[in-house]
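Below is one structure; the comments refer to it alone.
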Number of protein chains: 2
Amino acid sequence: MKIGYIGTGIMGAPMALNLLRAGHEMFVYNRTISKCDSLKAAGAVVCDSPGAVAAKSDIVFINVPDTPDVQKVLFGDAGVIHAARAGLIVADNSTISAGATKEFAAKLKVVGVDYLDAPVSGGDVGAQKGTLAIMVGGEKEVFDKVLPLLEVLGSKVSLLGPVGSGQMCKACNQMFCTLHMQALCEAITLAENAGLDVAKMVDIVSGGAAGSWALSNLGPKILANDLEPAFMIDLLVKDLKLVMELAADARVAIPATAMAKQFFHAAEAKGLGSKGTQALIEVVRGLSK
Amino acid sequence: MKIGYIGTGIMGAPMALNLLRAGHEMFVYNRTISKCDSLKAAGAVVCDSPGAVAAKSDIVFINVPDTPDVQKVLFGDAGVIHAARAGLIVADNSTISAGATKEFAAKLKVVGVDYLDAPVSGGDVGAQKGTLAIMVGGEKEVFDKVLPLLEVLGSKVSLLGPVGSGQMCKACNQMFCTLHMQALCEAITLAENAGLDVAKMVDIVSGGAAGSWALSNLGPKILANDLEPAFMIDLLVKDLKLVMELAADARVAIPATAMAKQFFHAAEAKGLGSKGTQALIEVVRGLSK
C-alpha cells in the first residue's frame, strides 16, 4: 500500500519506520526536512509538501504538535486538500481539539476524503516498539480499512465512536498522565525528605496497587536525573488546554487535573517546557526547599 | 514453623491462609472471633488473645486497622508483650504511624523481641493470590529470617531500611493510590458527560502511558457500579492522615495529595466510608450534576 506520513518527530518518525518495515511504500514530509533523513535512508520518498505526499498516497497519516498545525497540513498552501480525491483517507495521530477535528472531517468529506482521528499513547518507546494504544474516532467502514496499519503501530487499537471520539479519549488519557506524574513527583519528594531510599521505594511500590506506567517508565528517569523528553511538558500543557476546554464544554469539574495543570505551568515558567514531563519533579521539589 | 496471625480481616485472612497452605502451623486471633472461622476450618488453631498467639508462635504477624490497634495487640491486656521472650519476632502487616512503629520496636527490643514493619499493597486479590508488594523496615538479620514467609505472601518484597522505613514507603504508596483514584474518577466523569463510550475509554487508555493498577482493577468496578470494598475509604483516609503527618514532619508540600484527601473526606461525609476507594466516583460525579 502507498502510505504518507506527515510529521516525523519523536513519535512520527518511528511510527512511519514501522509502517515502512511492514512492507509499505512510504512518502514522508516534515516541516524541518532533516527529520526525514533516517526514513529516507530506510527507503522512504521525501516529498516537499503535504499535498505532494497526499497525491502519491492511499492513506495519509499526520503527526504534528497542535490543532493549527493539522489545519495547515490539511488546508494550507500545498496542503492535503489540494490532492483531495474520492477514496483518500486521512488518519490523524496528532493530539488536537475534538471540535476542530469534527470540522476538518466535515470539510474533507465534501471532497470525498475520509477521516479518522487516531491519537496515540505509549511514548517514544511505544512508538518504536509498535506497542502504542491507539484511540480512534470515525466511521466503522473507514476504520476497518486502516486497522491493519494501526495494528502495525500499536498493540491496542479501539474505535471509540464517531469522528472526534479518539481525541476525547486522548483527553481522558492525558488526565491520567498528568495526575500520575504529579503523584510520582510528590511521593518522590516526600521520600527524599523523609530519608527513605527513593530507588527502593519506586521499585517496590510499582509492584502493588500503586503501580502505573508513569511510575515504571518515568520514575527511573527521575532517579537518574534524566529529564530529556519522551513527551515534552510544552505538549502536555497544550493537551491540558484541550482537556480543560472539553471539560468546560461538558460542564464538568475536574479539580485535581486543574490543579496539576498549574504545576506544569510552573514548570514552563522555570524554562522546563522542552524537557520531558518528568521534569515536573523540579517544581515539586522546589516547593519544599 | 509455628506462625501466629493476629487480625484476620479482608487482607489478613487470605494472607494467613497462604502461610497455612505453605505448610506452617498457624495460630490465629481476631477481635471478632468469627472472622477466624475459615482459617479454623483449614486447620488453624484459634486463640483467645494476642498473647496466647504469641506464646505458641515463633513469628507473629499483625494486620489490624490503625496505630492504636497495633498498640493494643502488643501492649494491651493479654497482649503480645506478655508472651515476650528472646527470639520471638513480630512482623506488622498493618499500615500505621512510622513514628509509633519505632517506639513499639524499641519497647519490644528491651524484652528480646525483634520487630519488622511490613505493610503490604495489592488489595484483597493480591492477598489471595500471594502477589502483594511488601515494604519492610527492620534489621537485615531479622528480615532474612522472615523473608521465606514474606515470599509466600507477596511476589515483590523489599527491605527499605531500619524499622519505620516500611511504613514510610507505604505512605508513599498510598499517595499513588489516592491520586490514581482521583484521576480515574475525574476522567470517567468527563468521559460520561462528553458522551464518550466510557468502557471503551477505560479499556484502551489502560494499554498506554495512562495505565495503572487502579485503572485496570478498579476502573471496571466503577463501570459495573460495584462499590464494595477491596480497600475501604475509611482506611485510606486513616492512611492519608499518616501521610500528611509524615509530610508535615519532613516539611514537605504535597498539594495534590492534600486536595485529593479532601474529596475522600467528602466521600466519608456522604456515608461512603465503608465502601471501596472507587466509591470516590460518587463525589466526583456529584460535583458536576
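The values are calculated or read from the model by the stated rules, or taken from the named source; none is laboratory data. Bear in mind the structure is a predicted one, so any value in this text is a computation, not a measurement. Please note: Cβ atoms are built from the backbone with ideal geometry, for glycine as well, and neighbour counts cover all protein chains shown. Surface areas here come from the heavy atoms of the whole protein model, side chains and all, with no ligands, DNA or RNA. Shrake-Rupley method; radii C 1.70, N 1.55, O 1.52, S 1.80 Å.
Applying the condition of being free of Cβ contacts under 8 Å to residues at least 40 places away in the same chain and out of contact with any helix residue (DSSP H, G or I) (no Cβ under 8 Å at 6 or more places or on another chain) to region A:49-68 and asking which residue is most open to solvent (accessible area, probe 1.4 Å) yields A:Pro68.
Across region B:231-246, not a single residue is classified as away from chain A (no Cβ under 11 Å) and more than 19 Å from the chain's Cα centre (by Cα). Suppose we filter region A:247-265 for residues that are open to solvent by 10 Å² or more (accessible area, probe 1.4 Å), of a type in the set (A, V, I, L, M, F, W, C) and either away from every other protein chain (no Cβ under 11 Å) or outside any helix (DSSP H, G or I) (or both); how many remain? Result for region A:247-265: 3.
If you check A:Asp124, A:Asp117, A:Asp92 for being within 14 Å of chain B (Cβ to nearest Cβ) and either buried (at least 24 other Cβ atoms within 10 Å of the Cβ) or in contact with a strand residue (DSSP E or B) (Cβ under 6 Å, 6 or more places away or on another chain) (or both), only one passes: A:Asp117. Restricting region B:271-289 to residues that are hydrophobic (A, V, I, L, M, F, W, C) and either surrounded by fewer than 17 Cβ atoms within 10 Å (Cβ to Cβ) or in contact with a Leu (Cβ under 7 Å, 6 or more places away or on another chain) (or both), the residue that is nearest to A:Ala256 (Cα to Cα) is B:Leu287. Within region B:14-46, being of a type in the set (A, V, I, L, M, F, W, C) and open to solvent by 20 Å² or more (accessible area, probe 1.4 Å) holds for B:Leu17, B:Leu20, B:Ala22, B:Ile33, B:Ala41, B:Ala42, B:Val45, B:Val46. Note on region A:142-158: residues that are open to solvent by 30 Å² or more (accessible area, probe 1.4 Å) and touching a residue at least 12 places away in the same chain (Cβ under 8 Å) amount to 5. If you check B:Thr101 against the conditions, is it surrounded by 24 or more Cβ atoms within 10 Å (Cβ to Cβ) and within 14 Å of chain A (Cβ to nearest Cβ)? Here the answer is yes, as B:Thr101 does meet what is asked.
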